[in-house]
1. Search region 216-229 for residues that are at positive phi and pair each with any residue that is crowded, with 20+ Cβ neighbours inside 10 Å and not in a loop (DSSP other than H, G, I, E, B) when their beta-carbon atoms are under 7 Å apart and the residues are at least 6 apart or on different chains.
2. Step by step: first the residues of region 154-187, then only those that are out of contact with any helix residue (DSSP H, G or I) (no Cβ under 8 Å at 6 or more places or on another chain) and of a type in the set (Asp, Glu), then the one that is surrounded by the fewest Cβ atoms within 10 Å (Cβ to Cβ). Which residue is that?
3. Looking at region 188-214, which of its residues are surrounded by 19 or more Cβ atoms within 10 Å (Cβ to Cβ) and outside any loop (DSSP other than H, G, I, E, B)?
4. Run GLY113 past the list (1) at pLDDT 95 or above; (2) under 23 Å from VAL224 (Cα atoms); (3) not charged (D, E, K, R) and report the number of the one that doesn't hold.
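The values are calculated or read from the model by the stated rules, or taken from the named source; none is laboratory data. Computed from a prediction, not measured in an experiment: that's the story for all the values here. Note: ideal-geometry Cβ built from the backbone for every residue, glycine included; neighbour counts use all protein chains shown.
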Amino acid sequence: MDDLAGFLRTRRARVDPAAAGIPADSRRRVEGLRREEVAHLSGVSVDYYVRLEQGRATQPSEQVLDALARVLVLDETERGHLHRLARRTRRRPRTPGGRVRPEVLRVLDLVAGAPALVMDHRLDVLAGNRLAGLLFGRPLPGLNIARHLFLEEGEHGLYAEWETCTLDVVGHLRLAAGRYPEDPRLASLVGELAMGSERFRRLWARADVRARTHGRKAYRHPLVGPLELHQENFALPEAPGMELLVLSAAPGSPAEDGLRLLAGLGPDADAVPRRAEAGSTDPVRQAVSWGSGPA
């Protein structure tokens, strides 16, 4: 799904030669830096760098990786991703499981005034509180945020800043692919998204990585209108790849009023399940009508 060679090629293509101190050349036919320029600026041989981009060189040293990160102007997230890709042949991390501890479920029950949910590295929602189910307009079991964004809602659905969300989601999945390269369910999800969404294919080819731990999230809910919320991501101890997300509204804001209105929606809303039970059928999946549903 992801590899060191491809990441180096895409990062090289985005570097401005002038910013790297290379004089303008009207005969330049490549976008970004040439291979030999990256090699020279990084202090490695051209042959070695070419072998890196062709996937024929393994286990580059920490010093080489740091030099490449500097020349390719990588941010902290990209630098960590580069090092993980390079270490892949040395140590392959085990794909995390999907069980949410009972103590975490109790925390979800305590979050009453904000949507809160637990997601894994694939963006599968593993658990959530009642308000999260009302926000997404569907039972949470079976919800995958990437699939919901690209294949179900689309740019005129729940996500008010759809294009920005797509960048975040693809960047997150790229990071996950670097961390867990042998996860067949993640590979299947990426294939499904690539088959079903032209935008996903274009963004995936860019190989950008993003790690969003907090920030603004804007929704347009079909029943309560615009909701401008703040998202905080909390990594769960002893649960690699799993995060608790809380979407809060600023005190006194229209979004706070919107969440109160959302929480007060009809009695059927109480049927939205908090978590998936293995092998269970869900009789309320059709009954719950909040939200716009699949596009």
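1. GLY225/GLY258
2. Looking at the filtered set, the residue picked out is GLU163.
3. LEU189, VAL190, LEU193, PHE200, LEU203, TRP204 - these are the residues of region 188-214 that are surrounded by 19 or more Cβ atoms within 10 Å (Cβ to Cβ) and outside any loop (DSSP other than H, G, I, E, B).
4. Status for GLY113: all satisfied but (1).
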